[in-house]
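Novice: Submitted below is the structure of interest, expressed as structure tokens.
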Amino acid sequence: MNDDQWQRILSLRQQGSRSDGSVSADRASPFSDLYRPIALGRERFVLAQVGQSLDGRVATPSGDAKEVSGCNGIEHLHRCRALVDAVIVGVGTVVADNPSLSVRAVPGVSPVRVVIDCNGRMPLNAKMLHDGGAPVIVVQASDVVLRCPEHETLQIDRQPNGELAPADILAALSERGLTSILVEGGATTIARFMDAGLIDRLHVSIAPIIIGSGPAGINLPPIDLLRDAKRPSVTVHNIGTDIVFDCDLRAGAAADKLEDRDKIPMAYPA
Ligand SMILES: NC(=O)c1ccc[n+]([C@@H]2O[C@H](COP(=O)([O-])OP(=O)(O)OC[C@H]3O[C@@H](n4cnc5c(N)ncnc54)[C@H](OP(=O)(O)O)[C@@H]3O)[C@@H](O)[C@H]2O)c1
């Protein structure tokens with residue numbers, strides 16, 4: 001994607017819900033289908049993004065997760081960040097990766113950073129708490145002592161299972177005007193939003209690397225039969241160093257039947 005194409009996508013985001021997305025020049029880009037739904041998703045739009053290896057891993061067993069995605073996969077992640085109001089990670093990702101969650105690889109504004117830290121175990125030396133970047137919002141259970149009082153903290157009542165309802169988290173963010181959301185990980189956090197039926201779109205970005213063992217990008221509750229597996233409607237994008245499966249989780253089961261798999265659309269190669 002060249003700079004002009006990216007600037008057109010960014011301007012679609014700035015136009016927001018006033019735009020019908022029919023800007024003809026934007027449609028000329030092979031990547032517009034990948035980014036336009038995010039750029040236009042102003043009312044309430046939740047994207048989840050996983051960068052993984054060919055064998056579905058996001059890190060080694062010892063936690064090395066720095067270079068799973070190729071450079072275009074990293075750019076893709078940063079483009080997704082630049083198109084949303086807020087990026088959400090679980091505290092497990094902060095402990096493991098100490099990310100800054102900013103937009104650096106492409107032009108764009110960094111989103112508000114949200115950490116789900118139900119039980120108050122956020123590392124107090126986490127980079128994002130001290131880097132002076134985009135605002136940080138910590139989400140805690142209402143029965144836990146404030147962990148990071150110098151940052152905005154949303155206190156949310158626990159569900160009977162002790163967890164926080166993802167819908168309550170989205171509602172609290174929405175009250176602050178944060179309605180387009182990227183759930184960036186890790187596996188536990190994405191799974192809780194998926195399980196609650198709150199993900200509109202899932203991007204699985206696959207890099208040609210085989211890690212062999214290690215954590216997966218999504219951990220949903222187990223199923224016995226493949227017929228119960230999710231088979232979302234997908235479009236495949238060759239972005240260069242990585243391949244992105246853009247899964248529309250709202251479109252129903254367009255690729256529901258095994259015999260329909262050969263109809264999966266492949267966008268233009270990079
Ligand atoms: N490649 C990628 O795309 C990518 C992106 C991000 C992260 N990662 C990798 O993912 C791994 C971390 O994943 P993870 O699954 O272990 O951790 P995680 O999803 O980052 O964090 C999970 C923790 O967050 C809290 N949490 C999240 N949602 C919650 C909810 N609805 N209610 C209550 N608490 C909630 C819980 O904290 P408590 O346990 O304190 O209750 C939970 O254990 C790391 O290896 C990281 O490198 C990969």
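Novice: So which pairs qualify, if the first residue must be in the stretch 62-76 and under 18 Å from Ser102 (Cβ atoms), the second must be of a type in the set (S, T, N, Q) and near the ligand (Cβ under 9 Å from one of its atoms), the Cβ gap must be under 7 Å, and the two must be at least 6 apart or on different chains?
Specialist: These pairs meet every condition: Ser69/Ser205; Gly73/Ser205; His76/Ser205.
Novice: If Gly92 passes every condition in (1) part of a helix (DSSP H, G or I); (2) buried (at least 20 other Cβ atoms within 10 Å of the Cβ); (3) not hydroxyl-bearing (Ser, Thr, Tyr) but one, which one does it miss?
Specialist: Result: Gly92 passes all but (2).
Novice: Can you pull out the residues in the stretch 142-169 that are closer than 23 Å to Asp97 by Cβ and aliphatic (A, V, I, L, M)?
Specialist: Across the stretch 142-169, the qualifying residues are Val144, Leu154, Leu164, Ile169.
Novice: Name the residues in the stretch 29-60 that are near the ligand (Cβ under 10 Å from one of its atoms) and over 15 Å from the mean Cα position of the chain (by Cα), would you?
Specialist: Of everything in the stretch 29-60, those that are near the ligand (Cβ under 10 Å from one of its atoms) and over 15 Å from the mean Cα position of the chain (by Cα) turn out to be Ser53, Arg57, Ala59, Thr60.
Novice: While we're here: Please state which one of Val68, Val84 is away from the ligand (no atom under 14 Å from the Cβ) and over 22 Å from Gln155 (Cα atoms).
Specialist: Selected residue: Val84, the only one of Val68, Val84 that is away from the ligand (no atom under 14 Å from the Cβ) and over 22 Å from Gln155 (Cα atoms).
Novice: So which of Val115, Val91, Val138 ends up being farther than 30 Å from Asp4 by Cβ, within 12 Å of the ligand (Cβ to nearest atom) and in contact with a His (Cβ under 7 Å, 6 or more places away or on another chain)?
Specialist: Criteria check complete, one pass: Val138.
Novice: Considering only the stretch 175-185, I want to know if a residue exists there that is within 27 Å of Asp64 (Cβ to Cβ) and among the small types (Gly, Ala, Ser).
Specialist: Yes, some residue in the stretch 175-185 is within 27 Å of Asp64 (Cβ to Cβ) and among the small types (Gly, Ala, Ser).
Novice: Are any residues in the stretch 165-190 modelled with pLDDT of 95 or more and aliphatic (A, V, I, L, M), and if so, which ones?
Specialist: Result: Ala165, Ala167, Ile169, Leu170, Ala171, Ala172, Leu173, Leu178, Ile181, Leu182, Val183, Ile190.
Novice: I want to confirm something. Restricting to the stretch 105-138 and keeping residues that are of a type in the set (Val, Ile, Thr) and in contact (Cβ under 8 Å) with a residue 40 or more places away in the chain, which single residue is farthest from Ala39 (Cα to Cα)?
Specialist: Step by step, filter the stretch 105-138, then rank; the result is Ile116.
Novice: In the stretch 151-170, what residues are without any contact (Cβ under 8 Å) to a residue 60 or more places away in the chain and closer than 14 Å to Arg113 by Cα?
Specialist: The answer is His151, Glu152, Thr153, Leu154.
The values are calculated or read from the model by the stated rules, or taken from the named source; none is laboratory data. It should be emphasised that the depicted structure is a prediction, and the values quoted were computed from it without experimental measurement. Note: ideal-geometry Cβ built from the backbone for every residue, glycine included; neighbour counts use all protein chains shown.
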